[in-house]
Amino acid sequence: MSRAISEEGVRGFLHEPVAGSGHGLVLTHGAGANSEAPLLVALAKAFGERGWIVFRYDLPFRQMRPKGPPFPAQAAADREGLDTAIDFLRPLAQRLFLGGHSYGGRQASMLAAEHKKREAWGVEALLLLSYPLHPPAKPDQLRTAHFPALWTPSLFFHGTKDGFGTPEEMETALKAVPGRHELHLMKGEGHGLAAKQAEKVADAFLEFVA
């Protein structure tokens with residue numbers, strides 16, 4: 001079961017399992033989507049069945065307007081929004097995790113890099129889906145400047161047909177990440193990642209953070 005949340009700076013859907021494990025996951029969307037994206041809904045269901053509380057969160061840029069991509073100048077505010085969502089979930093979970101698809105995952109990883117020396121942040125690991133390594137057909141415009149500061153354990157899922165980065169490009173880029181990390185390649189998947197992959201993603205993340 002889920003319930004809509006709409007408070008100042010916090011909007012989305014909260015999934016609370018009948019028998020909780022004490023694990024809490026903030027999960028957010030890509031540049032062209034919102035918290036109702038099929039992948040996020042499927043992931044919330046899969047994690048919920050495993051006892052996790054999940055907050056599907058609308059980033060601030062999406063709270064401001066229902067359609068359209070984020071503006072580069074909005075990115076810092078989107079990261080601040082993720083911190084707000086984490087604080088919202090903090091009293092409800094004993095262990096905190098953060099995940100996002102594409103743009104949402106990129107902002108999550110940048111936020112983790114910014115928090116690298118702040119243990120009080122409390123986020124134990126990241127779930128990064130379809131990391132947008134570079135714009136399509138522009139492999140020289142890498143979005144990896146923060147990777148050397150990414151110490152939070154991170155599990156990456158990436159489609160083998162993702163136009164935002166080939167498997168080889170991802171493997172090369174992740175060599176710059178000093179924290180524990182894994183890359184799971186999903187054969188035949190593009191940037192969107194099908195909702196049917198949610199069970200596989202949830203099981204792999206549970207094993208990663210065990």
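Data overview
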{"read-out": "Fully extended contour minus Cα-Cα distance, from Glu36 to Ala210, at 0.36 nm per residue", "value": "59.8 nm"}
{"read-out": "Stretch gain in nm, segment Lys45-Thr172, where the contour uses 0.36 nm per residue and the Cα spacing is subtracted", "value": "42.4 nm"}
{"read-out": "Net charge of neighbours whose Cβ lies under 10 Å from the Cβ of Asp162, counting Lys and Arg as +1 and Asp and Glu as -1", "value": "-1"}
{"read-out": "Span-rule helices in the chain, defined as complete DSSP H runs reaching 20 Å or more along the axis (Cα) with Kyte mean at least -1.0", "value": "75-89"}
{"read-out": "Amide proton proximity set for Val177, modelled H, under 5 Å, gap of 5+", "value": "none"}
{"read-out": "Difference of contour (0.36 nm per residue) and Cα-Cα distance, His184 to Ala120", "value": "20.1 nm"}
{"read-out": "Matching label, volume of the Cα convex hull per residue in Å³ computed from the structure shown, candidates (1) 112; (2) 140; (3) 195", "value": "(1)"}
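None of the figures in this text is laboratory data; all of them are computed from the coordinates on show. Bear in mind that the values here come from a model prediction, so they are computed numbers and not experimental data. All Cβ positions, even for glycine, are placed from backbone atoms using ideal geometry, and neighbour counts span all protein chains on display.
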